[in-house]
Amino acid sequence: MNSREIFYKSIRRETVPRFPIWLMRQAGRYMLEYRQLREKYSFMELCHEPDLATEITMQPIRKFKLDAAILFCDILVTAEALGADLDIVEKKGPVIGNPFDSGNAVKALLSTEAACQKLAYVPKTLRQIRSELGEERALLGFAGAPLTVGSYMIEGMSSQNMAKTFRMMLEAPDLVNRLFERLTDVTIQYVQLQREAGVDAIQIFESWASILPEWMYLKFAFPHLKRLIETIYDPEKPIILFALANGSLWAHLATLPVQVLSVGPNIRLSDMKDQHSDKCIQGNLDARYLLCDKSVLLDKTNEVLNEMKTHRGYIFNLGHGITPKTPVENVEALCERVHTYELK
Ligand code: CP3
């Protein structure tokens, strides 16, 4: 059974000989090959240029036993397509030169059609990746959820507490709703473009779900995520929902029509298994284990594998992205371990 079949069967919760594995941020700074390209090009150039984005997507695939490739890009390109002046700055992260702050900012957003035209490099890249990747491995696309992308547009940069977003939700809720509606519209079309280009599944990143009190999340963010997911739902086309959320919020998120729930490192897998026995689950290994001694990493990996052996449908992954100081040998050992763990 090839990687792609194991991936699809796991999502459908059918019997598989082993768990599939891919890792969030599997391409990135921990790899020498990436750093060498990154010396020559800015991060946004790497995203925008299909030859470069294809090469980076393929780097971890050539090196490790991974069952799926994920498009090399960033969730903030939907914000950029709507008119945000986006840069990813070394050691600082995303910086947006024209933060979203007023009714005029709503008017300045580009139309959905114009935004999608600006995103045409993504389906082009995906087609190129597929021809290099072949048919035997899965190809994943992705998009950011309205809150997770929109909060960067409002803050203008990474923020610890998202104070501007918090304040705008309470003082100017219509403005926030207009922004999230427009982001949702673009994201629906953007997912469609990626599916037409042949992705096997789409992962939606709701990384900042826990930054708001639950009632605020449910009032201001969830309805937009719900519209996004209900609109793109198709029983034949898997959606993976990644969120950093606690068990109480997952109870709401899991009501959405997605095939896979991708959990962060702070969730207890045994609880997730009990509460969502009808869903495929992904993730959870704390990315910091990859910074530990190999024996510590493999002990914890075994624990996850043994735990999930009794659940139908599990995709091995981390609880969050690989960090830049991760030793390549540990990624190799992790992939090897998951690959050789037999399910009987
Ligand atoms: O998983 C993958 O390998 C696919 C590519 C991908 C990237 N970012 C590449 C990237 C994906 C799916 C993302 C998602 C993303 N981007 C999220 C959601 C997931 C998460 O991590 O919570 C968020 C919030 C962003 C926004 C973003 N982009 C931040 C906060 C940063 C800076 C943080 C950092 O690690 O430096 C980025 C930059 C970024 N995106 C890098 C990579 C490989 C590092 C850029 C560099 O080379 O300098």
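Can we say Tyr34 is aromatic (Phe, Trp, Tyr) and open to solvent by 40 Å² or more (accessible area, probe 1.4 Å)? So Tyr34 does not fit the description; no. The set of residues in segment 303-334 being away from the ligand (no atom under 15 Å from the Cβ) and under 17 Å from Pro265 (Cβ atoms) consists of Glu303, Val304, Leu305, Glu307, Met308, Tyr314, Asn330, Leu334. Can you find a residue that is of a type outside the set (Phe, Trp, Tyr), in a loop (DSSP other than H, G, I, E, B) and closer than 20 Å to Met24 by Cα anywhere in segment 201-219? Within segment 201-219, one or more residues are of a type outside the set (Phe, Trp, Tyr), in a loop (DSSP other than H, G, I, E, B) and closer than 20 Å to Met24 by Cα.
Residue-level analysis places Ala69 outside the set of residues that are assigned to a helix (DSSP H, G or I) and either modelled with pLDDT under 95 or open to solvent by less than 10 Å² (accessible area, probe 1.4 Å) (or both).
Search segment 196-236 for residues being open to solvent by 60 Å² or more (accessible area, probe 1.4 Å) and among the hydroxyl-bearing types (Ser, Thr, Tyr), and hand back the single one that is nearest to the ligand (Cβ to nearest atom). Here the answer is Ser210. Taking the condition modelled with pLDDT of 95 or more and either closer than 24 Å to Ile61 by Cα or within 12 Å of the ligand (Cβ to nearest atom) (or both), does Leu139 pass? Spelling it out, Leu139 is indeed modelled with pLDDT of 95 or more and either closer than 24 Å to Ile61 by Cα or within 12 Å of the ligand (Cβ to nearest atom) (or both).
Scanning segment 188-206 for residues that are over 13 Å from Leu71 (Cβ atoms), in contact (Cβ under 8 Å) with a residue 60 or more places away in the chain and touching a Ser or Thr at 6+ places or on another chain (Cβ under 8 Å) gives Gln189, Glu206.
Taking (1) over 15 Å from Gln26 (Cα atoms); (2) open to solvent by 80 Å² or more (accessible area, probe 1.4 Å) in turn, Arg288 satisfies each apart from (1).
Residues of segment 17-29 that are under 18 Å from the mean Cα position of the chain (by Cα) and open to solvent by less than 20 Å² (accessible area, probe 1.4 Å): Pro20, Ile21, Trp22, Leu23, Met24, Gln26, Ala27, Gly28. Leu140 passes every criterion in (1) open to solvent by less than 10 Å² (accessible area, probe 1.4 Å); (2) in a helix (DSSP H, G or I); (3) within 30 Å of Glu5 (Cβ to Cβ) apart from (2).
So is Lys91 open to solvent by 30 Å² or more (accessible area, probe 1.4 Å) and more than 10 Å from the ligand (Cβ to nearest atom) or not? So Lys91 does not fit the description; no. The condition of being within 16 Å of the ligand (Cβ to nearest atom), farther than 25 Å from Ser158 by Cα, open to solvent by less than 40 Å² (accessible area, probe 1.4 Å) and in contact with a Gly (Cβ under 9 Å, 6 or more places away or on another chain) holds for only one of Leu126, Leu86, that being Leu126. Within segment 21-77, being polar (S, T, N, Q) and within 11 Å of the ligand (Cβ to nearest atom) holds for Gln26, Ser42, Thr57, Gln59.
The values are calculated or read from the model by the stated rules, or taken from the named source; none is laboratory data. On a predicted model such as this, the values are computed, not experimentally measured, just so you know. Glycine gets a Cβ as well: all are built from the backbone with ideal geometry, and neighbour counts include every protein chain shown. SASA here: full protein model, heavy atoms, side chains in, ligands and nucleic acids out. Shrake-Rupley method; radii C 1.70, N 1.55, O 1.52, S 1.80 Å.
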